[in-house]
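First comes the structure, then the notes that go with it.
The values are calculated or read from the model by the stated rules, or taken from the named source; none is laboratory data. Worth saying up front: this structure is predicted, and the values here are computed from it rather than measured. Glycine gets a Cβ as well: all are built from the backbone with ideal geometry, and neighbour counts include every protein chain shown. These area figures cover heavy atoms from the full protein model, side chains too; ligands, DNA and RNA do not enter into them. Shrake-Rupley method; radii C 1.70, N 1.55, O 1.52, S 1.80 Å.
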Amino acid sequence: MTFAAPLALIALLLVPVVVLLHTIAARWRTREVSSLAHWEETLRGMRTSLRIRRLLRSLALLAAVLAVASLVVGLARPLLQRPPGEPAGDTVVVLDVSASMAARSGGVSRFDEAREEALRLVAGLGRNARMCVVAAGSTPRVLAPFTDDRDALRRAIAGASAADEAGEPVGSLLFALGLREPGRTARVVFITDGAFTGLGDADPDLTGVRVVAVGGPVENAGITAMSFRRTAAGGVELFVSIAASGGMSRVVPLVVSAGSRTVLRREVPIGAGGTASVSVPWEGPTAGRIVARIEVDDGLAADDAAYAVFAPARRMRVLLVGEPDAFLEAALARFPGVVLVRVEAVDPVGGARQLERYDLAVFNGGDPPPVERGNVLAFAAVPPGLPLEPRAVVVGPRFVSWDRSHPLLASLALGPVVIERALAVAAGPGVQVIARSREAPLVATWERADLRVLFVAFRPSQSDLPLRAAFPLLVANALAWFRPGVLGADATAYRTGRTVEIGVPGDASEARVEGPDGREATWPVRSGVLAYTGTSRAGFHRIETVGFAQDIAVSLCDASETDLSPRSAASAAAGGAGEGAAGATSADRPSESPQREPAWLVFALAGFWLIVAEGLLWAVQRPPGAAATRGARRGSAARDSS
Amino acid sequence: MDRVLFDREFLAKLEHLSLVARRLYRGETRGAHGSPMRGASPDFADHRDYQPGDDFRTIDWNIYARLDRLFVKLFAEEEDLGVHLLVDASASMGFGTPPKLDYARKLAAALGYLALHSLDRVGATTFAAGLGGSLSPRRGRAQVFHLLEYLSRVTAAGGTSVDGSLQDYALRTRSPGLAIVISDLLGSPGWERGVAALRYRRFDIVLIQVLDQEEISPAGFGPSRLRDAETGRTLRLVVDEPVLAAYRERLAAFHGSVEEFCLRSGVEYLRAGTLVPFEDLVLRYLRQGAHLHARR
């Protein structure tokens, strides 16, 4: 038995206190009686029962001591060890599908070992036992819900594979623990290579998760970062970071190419378990696909390459309607991709058709026409037909609260902004107020399938916002919110496992995406935005719609996945393969932690019942109370005087 | 005199009790608390010296004329029986709040007072391990004062031997009478022999057992070291409800045995706890005619 909170055992010092209290309670008090004659006679007739009572007193003390000890042990959160391999009701198998699981050694990948172990668990399922299979990558995914259909489980496991993404084991294990159904015994088995730092709240000592460690130490080097940045002189600089795990220093050949052209080749020395960075002027093209690769033959291939795409700045046609505002015009026009058209007003009847020709309509006050589709940024103006009802004009409102995590308001300091007057509106259903004053909402958004609206309650000219750094940031955030990617003019790259939002021009409702492996899939586009989650594979993904095509680059670039050494305490406890295990084959049983189950409830219940038992034992022996005695005395006095 | 014990209130109670006694025994002559031979002619039995307080009608004037000395006539059924107050003054009588001895003294004083009012001779003796000092039997009002003074000086000390003490008294006393024995009967095995000795000497006996409430119904003690007030011996015992129940059962059995013995022996038996006002016990004594039965 082990303890999750062993410090609580200090409370066992209470045991002598209990014994002392018992001794005090049993203290012999001297009382004078007129004669011992009757007492001695009484004793003579009670010898046996007195012996029993002495025994009961001892038992009461024993019960008290055991109750305290039991409760203290329960407080220390004991974990009872069950021999591994012993099935216990349902099983949730969590397969680590992070990039490090693809590391190969002796021709076998860690994930192959994990798959074999999972299949062994399926084979060992007891009768009426069920299993659920969860893939633990950047987000957990249920591969097979609870079922006792072994074939379905095998198919789900066979169809799983390691992804190119970084893992998030804590969230995945907590997700798996939450899948357990109340009233059914269920264990969670995590099959992993342990290439993560710790399990935090999902620690096996706290949760009883059984960890099965697979794989052994493997030499590896990988690209952990690649980026391009513009220099002050107008040029472009390339930055690449490489890390190595294992016990050997090495020289890693780095090759960066643009299409078929090799732009950079360099030998990068890296110390044992260290990192190295390369920062050089980029002399290649600033358009198209860029690939950085280290030419090594090591355990993990997914981190040997990093990808980037130089994409031209997206054009965005913006119509500015309303009173002239130099600050607003300047803020919109500063972005290279923005094509700004300014008009005083639009036709209130046919204006909607006019607006459709633009990617964004900005109303600086005035009376906007009804808008059916597109993107609208309205300063102190409300297009008809929206769930925003103008009420009154508010004088001197101040920002009192705003959602700092919203992409529109990111990095904005709105507190000091002075507003002369603002249009107070009542926000209807679906309106998200993201900044407000005491009197009224100041910034709100509203979206539906083909229409996005950003409402700002005041005109820039009626505040000192244009004089603050927050103004161009707000405009930039708004443009990026309406049309993601519009601001990017440099090489972009995304991390595997992340959701990428891509602005799709036009009114396309879906886009075709071709992955690095050549497979194509159709993805929905909503409000001109494609929320693409198919980034589990590193490489180039091409998005196409009618009249639009864009490449995005997705790379692993994760130092934690590049370091293939088992680092978590959980895997250490599982006795993850030690030295000499390199080359272990799937025939070798992976090591696993003994199953530990929390047993605090058992000790708490035992303590509770021992307290009850002690109470009963004392109740049997307790001397009568004074009230009862007075009653008896009155009764006997009445009898004697009659 | 113990002015605290025999205060004005106590004396007033005595007066009240004497009135009650007179009402109960109205029409009876001196020394004859209900003759067993009512209606029969009294036979002359003897003379004795006149003592102040004797009934003038019993003076033999013939002898006075001859001898110039006063003698009273004694008749057959009219024995000159004294009232003997025997008070247990052992250490166990000092137990209780108030001490049982105080209760016994008040009881003895009251009964003695009533007897003196009825023109009986009253004497008193204390006993513990053996007989203590005594007050000679006398008649008359002055004896009341002597009796109260005597009783006020009595203290509880020493062991108990009811048996030996009563046997001694029976042997020592020449003229039997009504013996009123006031004791707790605790720690004195064989007390029956003492009472039997008095019976043998033709004493009429009233046995009054006085107990403290703590003895009748002890309060919960828990783990206790009980110390005997007389002998100083100790007994370790966890006094809990079962033990108290057994104790009460044992005590009830003892009382039962006392009652049975007294019934068999023709001994009038009264038992009271110190919570019972002594005057209530005296009234019970009078109503029961205990002293009448004893004289039969």
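Table for the structure above
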{"item": "Helices (runs of 4 or more DSSP H) contained entirely in the range B:216-296, each with at least 3 residues that are modelled with pLDDT under 85, out of contact with any Asp or Glu (no Cβ under 7 Å at 6 or more places or on another chain) and within 30 Å of B:Gly177 (Cβ to Cβ)", "result": "B:278-288"}
{"item": "Test result for A:Ala4, within 14 Å of chain B (Cβ to nearest Cβ) and either among the aliphatic types (A, V, I, L, M) or touching a residue at least 24 places away in the same chain (Cβ under 8 Å) (or both)", "result": "no"}
{"item": "Helices (runs of 4 or more DSSP H) contained in the range B:58-170 and holding at least 2 residues within 14 Å of chain A (Cβ to nearest Cβ) and in contact with an Asp or Glu (Cβ under 9 Å, 6 or more places away or on another chain)", "result": "B:100-117"}
{"item": "Residue check, B:Leu198 of a type outside the set (Asp, Glu), farther than 22 Å from B:Pro99 by Cα and free of Cβ contacts under 8 Å to residues at least 40 places away in the same chain", "result": "yes"}
{"item": "Test result for A:Leu340, of a type in the set (A, V, I, L, M, F, W, C), surrounded by 17 or more Cβ atoms within 10 Å (Cβ to Cβ) and free of Cβ contacts under 8 Å to residues at least 24 places away in the same chain", "result": "yes"}
{"item": "Every pair of residues 6+ apart whose Cβ atoms lie under 6 Å, when the first sits in the range B:224-241 and is at the interface with chain A (Cβ under 7 Å from one of its Cβ atoms) while the second is in a loop (DSSP other than H, G, I, E, B) and open to solvent by 70 Å² or more (accessible area, probe 1.4 Å)", "result": "B:Arg225/A:Trp28"}
{"item": "Selection count, the range B:189-211, where residues are over 14 Å from the mean Cα position of the chain (by Cα) and open to solvent by 10 Å² or more (accessible area, probe 1.4 Å)", "result": "10"}
{"item": "Members of the range B:242-252 found to be farther than 23 Å from B:Gly94 by Cα, more than 7 Å from chain A (Cβ to nearest Cβ) and of a type in the set (Gly, Ala, Ser), listed by number", "result": "B:Ala245"}
{"item": "Residue satisfying all of: in the range A:168-208; surrounded by 22 or more Cβ atoms within 10 Å (Cβ to Cβ) and at pLDDT below 90; farthest from A:Ala559 (Cα to Cα) among these", "result": "A:Pro204"}
{"item": "Residues of the range B:253-277 that turn out to be buried (at least 18 other Cβ atoms within 10 Å of the Cβ), more than 11 Å from chain A (Cβ to nearest Cβ) and out of contact with any Cys (no Cβ under 6 Å at 6 or more places or on another chain), as a count", "result": "4"}
{"item": "Of all residues making up the range B:188-216, the number that are within 14 Å of chain A (Cβ to nearest Cβ) and on the phi < 0 side of the Ramachandran plot", "result": "12"}
{"item": "Among the candidates A:Ser100, A:Ser138, residue that is small (Gly, Ala, Ser), at pLDDT 90 or above and either part of a helix (DSSP H, G or I) or over 32 Å from the mean Cα position of the chain (by Cα) (or both)", "result": "A:Ser100"}
{"item": "So A:Val68, is it more than 14 Å from every other protein chain (Cβ to nearest Cβ), surrounded by 18 or more Cβ atoms within 10 Å (Cβ to Cβ) and of a type in the set (Val, Ile, Thr)", "result": "yes"}
{"item": "Filtered residues of the range A:1-34 (kept if open to solvent by 80 Å² or more (accessible area, probe 1.4 Å) and in a strand (DSSP E or B))", "result": "A:Arg29, A:Thr30, A:Arg31, A:Glu32"}
{"item": "Every residue from the range A:384-399 that is more than 11 Å from A:Val453 (Cβ to Cβ) and assigned to a loop (DSSP other than H, G, I, E, B)", "result": "A:Pro384, A:Gly396, A:Pro397, A:Arg398, A:Phe399"}
{"item": "Qualifying residue in the range A:514-522 (condition: in a strand (DSSP E or B) and either among the basic types (Lys, Arg) or open to solvent by less than 50 Å² (accessible area, probe 1.4 Å) (or both))", "result": "yes"}
{"item": "Strands (runs of 3 or more DSSP E) contained entirely in the range A:143-244, each with at least 3 residues that are closer than 21 Å to A:Gly539 by Cα", "result": "A:220-230"}
{"item": "Out of B:Arg225, B:Arg284, B:Arg236, B:Arg201, sole residue that is basic (Lys, Arg) and touching a helix residue (DSSP H, G or I) at 6+ places or on another chain (Cβ under 7 Å)", "result": "B:Arg201"}
{"item": "Check on A:Arg398, without any contact (Cβ under 8 Å) to a residue 24 or more places away in the chain and open to solvent by 40 Å² or more (accessible area, probe 1.4 Å)", "result": "no"}
{"item": "In the range A:435-467, the residues that are among the charged types (D, E, K, R) and either more than 30 Å from A:Val504 (Cα to Cα) or surrounded by fewer than 22 Cβ atoms within 10 Å (Cβ to Cβ) (or both)", "result": "A:Arg436, A:Arg438, A:Glu439, A:Glu447, A:Arg448, A:Asp450, A:Asp464"}
